[in-house]
Amino acid sequence: MTETTSAAKSLRISGLYGARISFLKAGLQATDAVVLGSLLLFAILISVFHGRIPAPWGLLARTGLWAAVYVGSIYLLPLMKNRILYFLVRAGAVQIVFYELFMICQRLQLIWVHSWQDEPLLGWEKAIFGVQPTVWLQRFISPPLTEWLMFAYVIYVFLYPALGALIYFTRGERPLEDYWLTLALANLACCIGFMLFPIAGPLNHIAGAYSVPLKGGFFTAWGEHIRTHIHEIGSNFPSPHCAVATVMWLMTYRYVRTVFYVLAPVVISIYISTFFLRYHYLSDSVAGILIGLLAVIVAPAFPRAWNAAARRRKA
């Protein structure tokens, strides 16, 4: 009975998706509205606060470029009769814009709050725990544990498209749109969080507190490469890794229940890796999990509103 009820609920949710509103002969879905709306929001912020942003006009051009690429993918989708090609175009466009939103937002973190807020957060965690959790955890560091957690931290990048493909090829296009839209909301919420409460991060603010190095193998080297060459200072509160991992995990519960249980140790390890490996404070990770849960809860309201707007346009 539980499985039947869950399947019926999943069907109702996925049934919300698919309505398109024609704009300049492009059929826009609810996911497109959130993604393009995010790019538009960032373009407005760059224009308004350009004096507080390094190289703002180049950043604005970059935002416009990826908006154009994304819109181009919308025009291309109806031509994709092959399911594999359809998925590659849709997943590629959505994911690259998610990545670009993250990279662009890194430059916007101090437009509202002009200094990093690590000290208030550190004081809060010290008051609760009596210690700084990321420093206290040093006593448990070992190369095998570090390597496993680094594996979990970097494999998250591949789970994005892999779970999207699994949902699409087993459940169809509408569940895939549910997946992308919920992820888009989680990513946007994280980006706004970076600007509302900018946190520099453990290795940027309290690097001297760590006396035990993180040693491991291939995945540790890869994780440190990401830290050094892709991440910039900040982009911490809330943790995007935890927010996105929560959405991906709950989407498998909704659409491919068996995979939910298989992923449990990996997702829990992703949560732990974010603060154990000093990418985030513990508070960042908890906030990220809450953002992921909130995105899953509120996401269905967006296609409902979109469908109502589509019906009004047709009428």
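Return a yes/no flag: does segment 75-89 have any residue that is in contact with a Ser or Thr (Cβ under 8 Å, 6 or more places away or on another chain), in a helix (DSSP H, G or I) and either over 22 Å from L185 (Cα atoms) or at pLDDT 95 or above (or both). Yes, that holds for at least one residue.
Table: residues versus (1) farther than 14 Å from G201 by Cβ; (2) touching a strand residue (DSSP E or B) at 6+ places or on another chain (Cβ under 9 Å); (3) β-branched (V, I, T).
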{"position": "I233", "(1), (2), (3)": "no, no, yes"}
{"position": "H241", "(1), (2), (3)": "no, no, no"}
{"position": "Y271", "(1), (2), (3)": "yes, no, no"}
{"position": "H280", "(1), (2), (3)": "no, no, no"}
{"position": "S283", "(1), (2), (3)": "no, no, no"}
{"position": "I289", "(1), (2), (3)": "yes, no, yes"}
{"position": "L293", "(1), (2), (3)": "yes, no, no"}
{"position": "A301", "(1), (2), (3)": "yes, no, no"}
{"position": "A309", "(1), (2), (3)": "yes, yes, no"}
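Just so you know, in segment 275-299 the residues that are in a loop (DSSP other than H, G, I, E, B) and either of a type in the set (A, V, I, L, M, F, W, C) or surrounded by fewer than 18 Cβ atoms within 10 Å (Cβ to Cβ) (or both) include one that is farthest from the chain's Cα centre (by Cα), and it is L277. Of the residues that make up segment 123-131, is at least one of a type in the set (G, A, S) and surrounded by 19 or more Cβ atoms within 10 Å (Cβ to Cβ)? Within segment 123-131, not a single residue is of a type in the set (G, A, S) and surrounded by 19 or more Cβ atoms within 10 Å (Cβ to Cβ). Residues of segment 90-124 that are assigned to a loop (DSSP other than H, G, I, E, B) and either within 23 Å of the chain's Cα centre (by Cα) or under 17 Å from D32 (Cβ atoms) (or both): Q106, R107, L108, Q109, L110, I111, W112, V113, W116, Q117. Set side by side, the residues A93, A162, A184 differ, and just one is without any contact (Cβ under 8 Å) to a residue 40 or more places away in the chain, within 26 Å of S14 (Cα to Cα) and crowded, with 19+ Cβ neighbours inside 10 Å, which is A93.
All told, I46 meets the bar of being part of a helix (DSSP H, G or I), within 19 Å of I233 (Cα to Cα) and in contact with a Pro (Cβ under 7 Å, 6 or more places away or on another chain). If the condition is being closer than 15 Å to R257 by Cα and either outside any helix (DSSP H, G or I) or among the hydroxyl-bearing types (S, T, Y) (or both), then segment 161-199 contributes Y168, T170, Y179.
The residue that is modelled with the lowest pLDDT, among those in segment 292-315 that are closer than 14 Å to Q29 by Cα and in contact with a Leu (Cβ under 8 Å, 6 or more places away or on another chain), is N307.
Of the set (1) touching a residue at least 24 places away in the same chain (Cβ under 8 Å); (2) outside any helix (DSSP H, G or I); (3) within 27 Å of G216 (Cβ to Cβ), all apply to V131 but (1). Do you know which of the residues in segment 8-34 that are in a helix (DSSP H, G or I) and at pLDDT 80 or above is surrounded by the most Cβ atoms within 10 Å (Cβ to Cβ)? Among those residues, the one meeting the criterion is A30.
If the condition is being of a type in the set (A, V, I, L, M) and either part of a strand (DSSP E or B) or touching a residue at least 40 places away in the same chain (Cβ under 8 Å) (or both), then segment 56-66 contributes only L59.
The values are calculated or read from the model by the stated rules, or taken from the named source; none is laboratory data. What you see is a predicted model, and the numbers here were worked out from it, not measured in a lab. Don't worry about glycine lacking a Cβ; one is built from the backbone with ideal geometry, like all the others, and counts go over all protein chains shown.
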